[in-house]
Amino acid sequence: QPRVIGDTLEGVTGIMPELFGDGAYAVFKQIDRVLILACGTSYYSGLTAKYWIESVAKIPVNVEIASEYRYRDSVPHPNTLVVTISQSGETADTLAALKHARGLGMEHTLTICNVATSAMVRECKLSYITRAGVEVGVASTKAFTTQLAALFLLTLTLAQINGRLSEEEEAAHLKAMRHLPVAIAAVLALEPQIIAWADDFARKENALFLGRGMHYPIALEGALKLKEISYIHAEAYPAGELKHGPLALVTEEMPVVTIAPNDSLIEKLKSNMQEVRARGGQLYVFADVDSRITSGEGVHVIRLPEHYGLLSPILHVVSLQLLAYHSALARGTDVDKPRNLAKSVTV
Ligand code: F1P
């Protein structure tokens, strides 16, 4: 993970539209909304980008599951940037959704994709090739973090074109991105603590994941990784939604993974954690170094070494990937080739 993020930033000396292909500036200048189409893990990177693009570039973003969007009667908007995200670039639903959007008259298309020779790259006007290298496993991991890095670069590019990024802000964001490989290496060093948690998870059949704000999509991705490779049934919710249903599932048998970065939502999240504890649920909290959360009866805490602001999802997801990986190892499942799944879903 540290290496592929380092590769992503190689040669990036500043924010420039050309990172997304020739003619990107002219396209980005014309658009006033974004439609993201993707499936699975790639859909969750798109959901994370919605938080970034809307808060930093102030452009409205709609994120759609491609396998649904392709069959829906939706209302097109001409000045839309259609962004497809795909590791393989061959996912049939995402390609069909792209064609559906084009059929509705939305012609400004960009793909964020890991394979330069793929159908997705051929079909889109603009492209950004992620630097994940070859992903051995079926479940996306490096593809996800490199997609996020690319989507953050897209956020900054759109913000710059919209006049919402000063030179100081650009320099600060790029500095934070360049430090990511070191920060991720520090997350990987938490592996022994995560292995101890995974031994508990391996004995469970269900788990809940909670997050808020831009860490809600990261909770979704953490739950998907656990499902895909360890076959433990996992669901993710925005923490504020607990009381609207999922709380009924919480018992002493239910591990509840909580992504708790030290951001503006932390106090709200803490009251959701109390809702879980009051029902006997076991909390497994990924906090930041400076989060005011303490471990105790039924509350297990692992602290990520740095609080990482807007880029925090990239760090937090690595800890969730490790939790899924070690839970799967402890259960003896094949982490690289989960049953019933294919790397590239072309039908
Ligand atoms: C989408 C996806 C992956 C998942 C698995 C099946 O693929 O859902 O997220 O890990 O490989 O396909 P892609 O469009 O990102 O290649």
Given GluC sites (Glu not before Pro), DSSP loops and at most 14 other Cβ atoms within 10 Å, the longest exposed-site-free stretch of the chain is 108-204
Residue by residue through region 260-272, the couplings from Karplus 6.51 cos²θ - 1.76 cosθ + 1.60 with θ = phi - 60°, in Hz, x for Gly and Pro, are 10, x, 7, 10, 5, 9, 4, 5, 4, 5, 4, 6, 5
By the Kirkwood definition, with r running over pairs of different Cα atoms, region 61-156 has a hydrodynamic radius in Å of 13.7
Cβ density ranking, 10 Å radius, fewest first, applied to ASP32, ASP288 yields ASP32, ASP288
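About its Cα centre, what dipole magnitude does the chain give when the only charges are +1 on Lys and Arg Cβ and -1 on Asp and Glu Cβ, stated in debye to the nearest 20?
The calculated dipole for the chain is roughly 340 debye.
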Projected onto the charge dipole of region 189-331 (unit charges on the beta-carbon of Lys, Arg, Asp and Glu, signs +1, +1, -1, -1), the Cα from ALA189, TYR237, MET214 with the largest positive-side position is that of TYR237
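So if I place +1 on the C-beta of Lys and Arg and -1 on the C-beta of Asp and Glu, and nothing else carries charge, what would the dipole magnitude of region 2-182 be about its Cα centre? I want it in debye, nearest 20.
Here the size comes out at about 120 debye.
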Toy charge model, Lys and Arg Cβ at +1, Asp and Glu Cβ at -1: region 122-256 dipole around Cα centroid in debye, rounded to 20, equals 400
Non-local residues with an amide H under 5 Å from the amide H of THR111, with H modelled 1.01 Å from N and Pro and chain starts lacking one, are THR84, LEU126, SER127, TYR128
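Classify region 1-41 as rounded, prolate or oblate, taking a ≥ b ≥ c as the square roots of the eigenvalues of its Cα gyration tensor: rounded when a/c is under 1.5, otherwise prolate if a/b is larger than b/c and oblate if not.
Oblate is the answer for region 1-41, as a/c is 1.5 or above yet b/c matches or exceeds a/b.
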Quick numbers on the chain, Rg and Dmax over C-alpha atoms in Å, give 19.7, 57
Listing SER319, SER74 by rising number of other beta-carbon atoms within 10 angstrom, fewest first, gives SER74, SER319
Contour minus Cα-Cα span, GLU68 to SER55, at 0.36 nm per residue, comes to 2.1 nm
Amide H proximity to VAL285 below 5 Å, modelled H, separation 5+ or other chain, gives THR258, HIS300, VAL301, ILE302
Between ASP290 and LEU9, Cβ-based FRET efficiency (R0 22 Å, step 0.05) works out to 0.30
Going residue by residue through region 18-29, the Karplus relation 6.51 cos²θ - 1.76 cosθ + 1.60 with θ = phi - 60° gives ³J(HN,Hα) values, rounded to whole Hz and with x marking Gly or Pro, of 4, 4, 9, x, 5, x, 5, 4, 4, 5, 4, 5
1/(1 + (r/R0)^6) with r = Cβ-Cβ of LYS337 and TYR231, R0 = 22 Å, i.e. FRET efficiency to nearest 0.05, evaluates to 0.95
Under 5 Å from the placed amide H of LEU265, counting only residues 5+ away or on other chains, we find none
From DSSP H assignment alone, runs of 4+ in the chain each adding -39500 (n - 2.57), the sum over residues rounded to the nearest 500 puts [θ] at 222 nm at -13500 deg cm²/dmol
Row for region 2-182, column shape: gyration tensor on C-alpha, a ≥ b ≥ c, rounded if a/c < 1.5 i.e. under 1.5, prolate if a/b over b/c, else oblate; value oblate
By the C-alpha gyration tensor axes a ≥ b ≥ c (rounded if a/c is under 1.5, else prolate when a/b exceeds b/c, else oblate), the shape of region 189-331 is rounded
The simple spin-label model distance between LYS99 and SER271, using points 7 Å out along Cα→Cβ, in nm, is 5.0
With x for Gly and Pro, the residue-by-residue ³J(HN,Hα) of region 165-179, computed from phi through the Karplus equation 6.51 cos²θ - 1.76 cosθ + 1.60 at θ = phi - 60° and given in whole Hz, is 9, 6, 4, 5, 5, 4, 4, 5, 5, 5, 4, 5, 5, 5, 7
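A short reminder: the numbers here are calculations on the coordinates, not readings from a lab. What you see is a predicted model; the values in this text were computed from it and never measured. Quick reminder, even Gly has a Cβ in these numbers, built from the backbone with ideal geometry, and neighbours come from all protein chains shown.
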